[in-house]
Amino acid sequence: MQKVALDQIIVTNPYLRINTDIDSLKKSIETVGLINPITINDKFELLAGGRRYQAMKELGWTEAPVQMVERDSLEQELISIDENLVRKPLDKLEFEKCLNRGREIYEELNPLANKVDVEVKDLTPEEKRAEKAEEESDTTSFAAITAEKTGLSKSVIKSAIKRDALSSEKVKEARGLGDISASQANEIIKLDKDSQDKILPYIQNKTVKDVKKIVEVAKSESIDAAIEESMELTPTPREFVQLKVTTKKMNKLISQILLEDIQFEGKDLDIIIKDMKKLMEEGQDFLNRYDEENFAPMGADSDSYEESSFQ
């Protein structure tokens with residue numbers, strides 16, 4: 001390992017993460033020193049270690065321990081991407097961009113490695129099983145080696161790569177603003193990018209199930225038919241979507257407790273019972289408002305129901 005003056009190091013790499021919060025990193029360096037050197041090329045350009053470089057400058061260091069590499073431009077870019085993926089967490093779009101660019105470089109440098117398929121296909125159950133088996137045995141693709149480094153599954157990495165490779169710029173912008181989710185994007189990228197832009201305004205605030213239906217109509221009929229289909233679908237408010245998920249989880253938990261006769265007499269039991277009673281009261285109000293035909297108010301029998309439910 002050699003040392004280089006900090007003012008000699010050129011910091012122009014677009015993958016470097018500088019101007020971020022490094023207070024904890026500075027404290028670590030002050031306490032135990034710099035564990036990992038920064039990486040530069042033979043032109044003194046910084047390839048990896050932007051936050052460590054920033055911390056050393058702010059701590060007043062004049063020299064930095066460096067690892068110097070002499071490789072071609074693609075290998076140097078891959079080093080920078082790899083540093084980004086395994087160090088400080090990226091936001092979702094930065095992460096997907098790094099993964100997809102890393103895949104492109106890795107596959108160019110390693111032509112015999114398994115390729116990551118960036119197409120979105122509607123697979124039969126049998127084809128899905130075959131794809132899963134192939135994925136489990138894969139050890140050479142970019143998804144496989146990145147899974148080992150990051151701890152993420154190969155399928156998560158592949159999905160992220162596909163979203164970056166196939167999403168239009170407007171779809172990426174909508175995700176960055178929080179207007180659509182990754183799950184919604186997974187459906188809309190089944191269309192070409194021009195079609196994505198046309199259908200995008202009509203899928204916001206739609207459930208993933210509705211987006212899937214709209215995309216299917218666009219593929220089988222036309223964009224105009226898909227837009228018409230979207231108009232007929234009543235958007236589900238986010239609160240109702242969350243209520244649906246939470247209710248399903250609660251029902252499963254309660255069923256498990258009752259079925260397995262799980263006993264509990266801890267101090268939290270009174271709090272749980274109190275909250276459950278409040279939930280029942282508000283739940284009844286909800287049912288009275290939204291399902292008057294099928295549910296009548298509890299009335300006089302409500303107390304006995306509550307008692308029998310929590311014995």
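The values are calculated or read from the model by the stated rules, or taken from the named source; none is laboratory data. Just so it is clear, the structure is predicted and the values come from calculations on it, not from any experiment. Don't worry about glycine lacking a Cβ; one is built from the backbone with ideal geometry, like all the others, and counts go over all protein chains shown.
When Leu59, Leu78 are screened for being under 30 Å from Ile157 (Cβ atoms) and either touching a residue at least 12 places away in the same chain (Cβ under 8 Å) or under 31 Å from the mean Cα position of the chain (by Cα) (or both), only Leu78 passes.
Applying the criterion of at least 1 residues that are small (Gly, Ala, Ser) to the strands (runs of 3 or more DSSP E) found wholly in the stretch 1-55 leaves 2-5, 46-48. Checking each residue in the stretch 28-50 for being of a type in the set (Gly, Ala, Ser) and more than 14 Å from Met68 (Cβ to Cβ) picks out Ser28, Gly33, Gly50. Applying a threshold of 8 Å to beta carbon distances and a minimum spacing of six or more residues, or different chains, the list of pairs starting in the stretch 25-43 at a residue that is within 14 Å of Ile79 (Cβ to Cβ) and at pLDDT 85 or above and ending at one that is among the hydroxyl-bearing types (Ser, Thr, Tyr) and buried (at least 18 other Cβ atoms within 10 Å of the Cβ) reads Ile38/Tyr53. Taking the criterion of being surrounded by fewer than 18 Cβ atoms within 10 Å (Cβ to Cβ) and in contact with a helix residue (DSSP H, G or I) (Cβ under 9 Å, 6 or more places away or on another chain), the residues of the stretch 123-143 that qualify are Leu123, Lys132, Glu135, Glu136, Asp138, Thr139.
One residue is enough: does the stretch 156-171 have a residue meeting the conditions in a loop (DSSP other than H, G, I, E, B) and closer than 18 Å to Lys193 by Cα? Within the stretch 156-171 (the criterion being in a loop (DSSP other than H, G, I, E, B) and closer than 18 Å to Lys193 by Cα), the answer is yes, since at least one residue qualifies. In the stretch 3-22, the residues that are farther than 12 Å from Leu46 by Cα reach residues that are among the acidic types (Asp, Glu) with C-beta atoms within less than 8 angstrom, at least six apart or across chains, in these pairs: Lys3/Glu63; Ala5/Glu63; Ile22/Glu58.
Criterion first (over 27 Å from Glu232 (Cβ atoms), at pLDDT below 95 and more than 15 Å from the chain's Cα centre (by Cα)) does Glu169 satisfy it? For Glu169, the condition - over 27 Å from Glu232 (Cβ atoms), at pLDDT below 95 and more than 15 Å from the chain's Cα centre (by Cα) - is not met. Against the test of being among the basic types (Lys, Arg) and either surrounded by 12 or more Cβ atoms within 10 Å (Cβ to Cβ) or assigned by TED's automatic domain parsing to the domain that holds Ile188 (or both), the options Lys212, Lys249 yield a single qualifying residue, Lys212. Per the conditions (1) in a helix (DSSP H, G or I); (2) touching an Asp or Glu at 6+ places or on another chain (Cβ under 7 Å), the sole criterion not satisfied by Ala143 is (2).
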